[in-house]
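Undergrad: Mind looking over this structure? Questions follow.
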Amino acid sequence: MQLPAKVKIVDVGPRDGLQNEKEPVPAAVKIELIHRLQAAGLRDIEATSFVSPKWVPQMGDAAQVMAGIARQPGVRYSVLAPNVQGVAGALAANADMVVIFAAASEAFSQRNINCSIEESIERFAPVVAAAHAAGVPVRGAISCAVGCPYEGEIAPAQVEMVARRLKDIGTDEIYVADTIGVGTPRKVQAALEAALKHYPLEKMAGHFHDTYGMALANTLAALALGVWQFDASVAGLGGCPYAKGATGNVATEDVVYMLHGMGIDTGIDLDKLVDASAFISGFLQRKPNSRAANALLSKRAAA
Ligand code: HMG
Ligand code: MG
């Protein structure tokens with residue numbers, strides 16, 4: 001198997017990870033988590049979402065979080081924006097990248113952003129235009145790329161269609177998301193191959209939730225296709241409030257442990273990443289949802 005020599009990881013923990021927490025997490029804790037992630041060598045951090053606070057109260061402090069980050073040169077801070085109101089907030093907060101989020105499932109699109117797939121594309125077009133006018137690149141998610149909590153299995157043709165529509169409106173790069181973590185390697189490869197019809201590998205990432213424990217296997221399957229950019233969440237935090245029962249993204253620690261063990265460079269310091277994981281898990285009063293982090297923390301405790 002010919003694998004990429006280098007992988008870029010976007011830590012989505014401060015956004016995808018924390019958005020699903022029931023109890024409010026203070027902005028200061030979110031900011032400290034971002035600081036710890038950048039100290040661990042993360043160069044891409046999904047910091048927050050400029051969405052309706054009625055829909056996702058946990059992200060209601062987006063502007064405060066963005067204003068509080070001591071920005072490190074070379075780090076890209078991205079934020080979600082579902083509409084023109086969101087992108088206005090994102091640009092006012094000096095986000096380095098705007099993330100729009102479409103779905104390959106009609107039912108999920110309705111539940112998550114209250115409109116059809118086609119309406120969402122129409123709504124995203126001015127978001128892309130506004131970001132580009134400010135010189136800010138745009139990333140597009142394709143949610144439910146293998147399965148949907150409401151519709152079940154999703155055909156690769158749906159992923160292909162959404163990738164094409166995202167390209168039509170000028171989205172710079174995309175990622176294929178297994179929102180509810182039901183994918184298995186061949187199905188994830190089929191979804192990625194469908195998206196690759198419209199975007200090259202350089203503009204494509206994988207975003208795998210780990211509900212069924214398949215995310216690392218799916219990451220390896222994506223690597224085998226040449227995909228070298230992945231989203232992951234520190235401590236395996238998270239889930240989507242509109243995908244009930246789905247757990248967090250694959251833990252960044254687990255992905256980094258696997259990649260380093262395979263001789264693939266990430267630029268991330270695993271020890272410092274485990275510090276970030278222990279910090280946020282301590283705040284949330286639970287163990288990290290990462291096998292590698294728990295193993296390394298036990299080893300530290302025993303030393
Ligand atoms: P809507 O209710 O149809 O929107 O929601 P609306 O335009 O009718 O506005 C309703 C109210 O929201 C208004 O306030 C607006 O001002 C306000 P009111 O007049 O009632 O006081 N509003 C906003 N406030 C702040 N920022 C905004 C904004 N927009 C409207 N940007 C909408 C439509 C898209 C806004 C809503 O459905 C929404 O915010 N959805 C976001 C849901 C979300 O964040 N889900 C989680 C992220 S996606 C995810 O996790 C998946 C991903 O990880 C990939 C994967 O794993 O699949 C990305
Ligand atoms: Mg997600």
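Undergrad: To the nearest 20 debye, what charge dipole does the stretch 205-303 have about its Cα centre, counting +1 at the Cβ of each Lys and Arg and -1 at the Cβ of each Asp and Glu?
TA: The dipole of the stretch 205-303 has a size of about 360 debye.
Undergrad: Here's something else I'd like to know. Using +1 on the beta carbon of Lys and Arg, -1 on that of Asp and Glu, and nothing else charged, what's the dipole of the stretch 1-65 about the Cα centre, debye to 20?
TA: With Lys and Arg at +1 and Asp and Glu at -1, about 180 debye.
Undergrad: For the charge dipole of the stretch 8-302, defined by +1 on Lys and Arg C-beta atoms and -1 on Asp and Glu C-beta atoms about the Cα centroid, which residue among Pro24, Asn249, Ile117 has the Cα displaced farthest towards the positive pole?
TA: Result: Pro24, furthest along the dipole toward the positive end.
Undergrad: With a point put 7 Å past each Cα toward its Cβ, work out how far Ala107 is from Ala155 in nm, to one decimal.
TA: It is 1.7 nm.
Undergrad: Report the charge-dipole magnitude of the chain in Debye, nearest 20, computed about the Cα centre from +1 at each Lys and Arg Cβ and -1 at each Asp and Glu Cβ.
TA: 360
Undergrad: Label points 7 Å out from Cα along the Cβ direction at Lys6 and Ala88: separation in nm?
TA: Rounded to a tenth, the inter-label distance reads 4.0 nm.
Undergrad: Counting only residues 5 or more places away or on other chains, whose amide H sits under 5 Å from the amide H of Cys148 once H atoms are built in the peptide plane?
TA: Hits under the 5 Å cutoff: Glu153, Ile154.
Undergrad: Spin-label point model (7 Å from Cα, Cβ direction): what's the His132 to Ala63 distance in nm?
TA: 2.8
Undergrad: So if we plug the beta-carbon distance of Met262 and Lys197 into 1/(1 + (r/R0)^6) with R0 = 35 Å, what FRET efficiency do we get, rounded to 0.05?
TA: Step by step, r from the Cβ atoms, then E = 0.80.
Undergrad: Continuing with the same structure: On a 19 Å Cα-Cα criterion, which of the cross-link pairs Lys167/Lys203; Lys6/Lys187; Lys8/Lys272; Lys30/Lys203 come out too long?
TA: Lys6/Lys187; Lys30/Lys203
Undergrad: Label point 7 Å out from Ser52 along Cα-to-Cβ: which residues of the stretch 109-134 have amide N under 19 Å?
TA: 109-127
Undergrad: Quick one: net charge of Ile154's neighbours, Cβ under 13 Å, K/R +1, D/E -1?
TA: Neighbourhood net charge equals -4.
Undergrad: Which order, highest average first, do 206-219, 266-279, 51-64 follow once you tally other Cβ atoms within 10 Å for each residue and take the mean per peptide?
TA: Going by the mean number of other Cβ atoms within 10 Å, highest first, we get 206-219, 266-279, 51-64.
Undergrad: Can you pull the Rg over Rh of the chain, Cα-only, Kirkwood?
TA: 0.94
Undergrad: So what is the 222 nm mean residue ellipticity for the chain from helices alone, if each DSSP H run of at least 4 adds -39500 (n - 2.57) and you divide by all residues, rounding to the nearest 500 deg cm²/dmol?
TA: The per-residue figure over the chain is -12500 deg cm²/dmol.
Undergrad: In terms of the Cα gyration tensor, with a ≥ b ≥ c the square roots of its eigenvalues, is the stretch 1-152 rounded because a/c is under 1.5, prolate because a/b exceeds b/c, or oblate?
TA: Rounded.
Rule-based calculations on the coordinates, nothing more; no lab input. Values in this document were obtained by computation on a predicted structure and should not be read as measured data. Cβ coordinates were reconstructed from backbone atoms using ideal geometry, including for glycine residues, and neighbour counts include every protein chain displayed.
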